[in-house]
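The block underneath contains the structure these notes are about, expressed in structure tokens.
The values are calculated or read from the model by the stated rules, or taken from the named source; none is laboratory data. None of these values were measured; they are calculated from a predicted model. Here Cβ is always computed from backbone atoms with ideal geometry, including for glycine, and neighbour counts include all displayed protein chains. Heavy atoms of the whole protein, side chains included, go into the accessibility calculation; ligands, DNA and RNA do not. Shrake-Rupley method; radii C 1.70, N 1.55, O 1.52, S 1.80 Å.
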Amino acid sequence: MKIICIGRNYVAHAQELKNEVPTEPVFFLKPDTAILPPGRAFYIPEFSQEIHHEAELVLKICKEGKNIAPEFAARYYDQITVGLDFTARDIQQRQKEKGLPWEPAKAFDHSSPIGRFIPLSEVKDSSTIAFIMTKNGETVQSGTIREMIFSFDAIISYVSRFITLRKGDLIFTGTPKGVGPVAAGDQLELFLEGQSLLSVKIA
Ligand code: MG
């Protein structure tokens, strides 16, 4: 199983980090060790002074595919949830300045808590899926798929030109604006269409 993450998929988030709005999807990978076992706290790693939350919609791939045309992409994912793409922003900034890969900032152990998956068929209107993240009870990030620069189908099609997608692979589809630091003691909760699917304690 692999985890593919899309970066800069919401205009307002690209702007808040002073990045250009991309003309093609930006993606990077995380290993399976990035998954946070369900129910476990997230421990801030000792190598970073600035871990940011990035709340995202996450798709699960349901069959193998390569060079998938956009019009057939919807056949390749059937479940959705919310997840966190924890980012060591201080390390990422350093890597970006040097033109180096992002993995130390993104792919570290437990950097990707994921919620309980629900079948896409259970989502009432799949063209307007909305999600929010609260920190200590206050909403800090919210997004809908209408704000995405690249749709689910465009992402699947683009990534599969380079990498074979397999059943069980996860696609993090990018974060809306409102990213920010977490501190020990924080409680994060993520909702999809009002349903709480992920709760993470920061330690
Ligand atoms: Mg992200």
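Two-decimal Rg/Rh of segment 100-189 from alpha-carbon positions, Kirkwood Rh? Could you put the intermediate results ahead of the total?
Numbers: Rg = 15.2 Å, Rh = 15.7 Å.
Across segment 100-189, the Cα-based Rg/Rh ratio is 0.97.
Applying the criteria of a DSSP loop state and at most 15 other Cβ atoms within 10 Å to the trypsin sites (Lys or Arg not before Pro) of segment 74-121 yields ARG116. Express the relative contact order of the chain as a whole percentage, based on alpha carbon pairs under 8 Å and six or more residues apart in sequence. It rounds to 35 percent for the chain.
Among the trypsin sites (Lys or Arg not before Pro) in segment 1-70, which ones are in a DSSP loop with at most 14 other Cβ atoms within 10 Å of the Cβ? Mind listing them? Don't skip to the end; give the middle numbers.
Numbers: sites: LYS2, ARG8, LYS18, ARG40, LYS60, LYS63, LYS66; in loops: LYS2, ARG8, LYS18, ARG40, LYS63, LYS66.
Qualifying residues, ordered by number: LYS18, ARG40, LYS63, LYS66.
Note on the chain: Kirkwood hydrodynamic radius from all Cα pairs is 16.9 Å, rounded to one decimal. Non-local lysine pairs in segment 82-203, meaning eight or more places apart or on different chains, with alpha-carbon distances under 17 Å, amount to 4. Computed on the Cα trace of segment 24-100, the radius of gyration divided by the Kirkwood hydrodynamic radius gives Rg/Rh = 1.03. Loop-located GluC sites (Glu not before Pro) in segment 11-56 (DSSP state other than H, G, I, E, B) with a sparse environment of at most 10 neighbouring Cβ atoms within 10 Å: GLU20, GLU46. If exposed means no more than 14 neighbouring beta carbons inside 10 Å and the site is in a DSSP loop, what's the longest run of the chain without any exposed chymotrypsin sites (Phe, Trp or Tyr not before Pro)? Free of exposed loop sites, the longest segment is 48-203.
Quick check on the chain: helices-only [θ] at 222 nm, where DSSP H runs of length 4 and up contribute -39,500 (n - 2.57) each and the sum goes over total residues. Nearest 500, please. Walk me through the intermediate numbers first.
Values: 4 runs with 31 residues, N = 203.
Taken over the chain, the calculation gives -4000 deg cm²/dmol.
Atom-type composition of the exposed protein surface of the chain places 50 percent of the accessible area on carbon and sulfur (1.4 angstrom probe). Applied to segment 75-91, the Karplus parametrisation 6.51 cos²θ - 1.76 cosθ + 1.60 on θ = phi - 60° returns per-residue 3J(HN,Hα) values of 6, 9, 9, 9, 10, 9, 8, 10, x, 10, 9, 4, 10, 7, 5, 5, 6 Hz, with x for Gly and Pro.
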